Amino acid sequence: MNELPTLNLDVATTARVYDDLFRGKDNYDVDRELAAGLRERCPQLPAILHRANQFVREAVARLVDEGITQFVDVGTGYPREPFLHAEILAWAPQARIVYLDNDLLVGAHTRALMLPCEAVSFVWADITDTAGLGAPNKLGEFLDLSKPVALVAESVLEFLPGAAEVLAAMAELLAPGSRLVISHLASDLCPEVGLLREVFSQAGIELYPRDRDELAEMLTGYTLTDPGIMPLHEWAARAEQFSQLPRQQPPGCYGVIAEVR
Ligand SMILES: C[S@@+](CC[C@H](N)C(=O)[O-])C[C@H]1O[C@@H](n2cnc3c(N)ncnc32)[C@H](O)[C@@H]1O
């Protein structure tokens, strides 16, 4: 991505729509209208996304415990407190964190809020341009890719028709022992999530909720970590290490922790 795109504030973006779903302030009328349509069709969506966010934070904490100190948060979206890098650095001061997004405004906000912090970098890039991420290597400028890295993808892969290809390319790029943390809207856990497709599509945004089998197919370069592809509303009950999560949550999202083979 070398050329700056033109900003068009009359068109909704996923980053700003999700910002509104999390009751943030970095959004415009067009984003709020789309978010309202999403809430109408799937009232439990904000709760599902909060659960996804909790899962990702707890998964990252687990990876820090396991000795991972390099993180790439792809599809960062608008910075939300507590900032992920601040949590990671509190546990592992030697850690390095890259935020990566293809949205120019996300980049501006992230840079303003999170930088300068020597341990944090923002990369403005399209994650589907895996050749561009490879060589010359935008990630390798900041991270040591000969060592394990955790790739964190919260609520982003469901917006990518070619998510499987992206994950396969990342498995090639990252060192063995690298990790993957995903949250992903599910097409087979609650019917309302399926209704979101139409609402997004009317705003020109394509959403691809996936079922368990489709997610499993996307993860061929990875070894699943216990408890596998997990409906996040069951996560707290099944994994005691995630006991801080509230127990009663609506279904609608999968969570995965996996390791690059
Ligand atoms: C739905 S938002 C989720 C943001 C954040 N991860 C969260 O959970 O709130 C999806 C984010 O992914 C970014 N994104 C979408 N497609 C992308 C791509 N091909 N490359 C990089 N970022 C992308 C969007 O700009 C947006 O910030």
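The values are calculated or read from the model by the stated rules, or taken from the named source; none is laboratory data. Quick caveat, the model's predicted, so the values are computed rather than measured. Glycine gets a Cβ as well: all are built from the backbone with ideal geometry, and neighbour counts include every protein chain shown.
If we only count helices (runs of 4 or more DSSP H) wholly inside region 10-110, which ones have 2 or more residues that are over 30 Å from Gly177 (Cβ atoms) and within 14 Å of the ligand (Cβ to nearest atom)?
14-21, 29-41, 45-65
Report, by residue number, each residue of region 16-55 that is of a type in the set (A, V, I, L, M, F, W, C) and over 23 Å from Gly194 (Cβ atoms). Steps first, please.
Going through region 16-55, the residues of a type in the set (A, V, I, L, M, F, W, C) turn out to be 17, 21-22, 30, 34-36, 38, 42, 45, 47-49, 52, 55.
Selection gives Val30 alone.
Among the residues of region 20-28, is any among the charged types (D, E, K, R), at pLDDT 95 or above and farther than 18 Å from Cys253 by Cα?
Within region 20-28, one or more residues are among the charged types (D, E, K, R), at pLDDT 95 or above and farther than 18 Å from Cys253 by Cα.
Can you tell which of Arg261, Arg212 is modelled with pLDDT under 95 and surrounded by fewer than 18 Cβ atoms within 10 Å (Cβ to Cβ)?
Working: Arg212 fails: modelled with pLDDT under 95.
None of the other options fit; the residue is Arg261.
Given (1) under 20 Å from Gly204 (Cα atoms); (2) out of contact with any helix residue (DSSP H, G or I) (no Cβ under 7 Å at 6 or more places or on another chain), identify the lone condition not met by Ala47.
Checking Ala47 against (1) under 20 Å from Gly204 (Cα atoms); (2) out of contact with any helix residue (DSSP H, G or I) (no Cβ under 7 Å at 6 or more places or on another chain), the one that fails is (1).
Considering only region 109-153, state which residues are modelled with pLDDT under 90 and among the small types (Gly, Ala, Ser).
Of everything in region 109-153, those that are modelled with pLDDT under 90 and among the small types (Gly, Ala, Ser) turn out to be Ala112, Ala131, Gly132, Gly134, Ala135, Gly140.
Looking at region 157-189 only, could you name the residues that are farther than 13 Å from Met218 by Cα and touching a His at 6+ places or on another chain (Cβ under 9 Å)?
Leu189
Please tell me if Ser178 is crowded, with 17+ Cβ neighbours inside 10 Å, under 17 Å from the mean Cα position of the chain (by Cα), within 14 Å of the ligand (Cβ to nearest atom) and not hydrophobic (A, V, I, L, M, F, W, C).
Details: crowded, with 17+ Cβ neighbours inside 10 Å: yes; under 17 Å from the mean Cα position of the chain (by Cα): yes; within 14 Å of the ligand (Cβ to nearest atom): no; not hydrophobic (A, V, I, L, M, F, W, C): yes.
It is false that Ser178 is crowded, with 17+ Cβ neighbours inside 10 Å, under 17 Å from the mean Cα position of the chain (by Cα), within 14 Å of the ligand (Cβ to nearest atom) and not hydrophobic (A, V, I, L, M, F, W, C).
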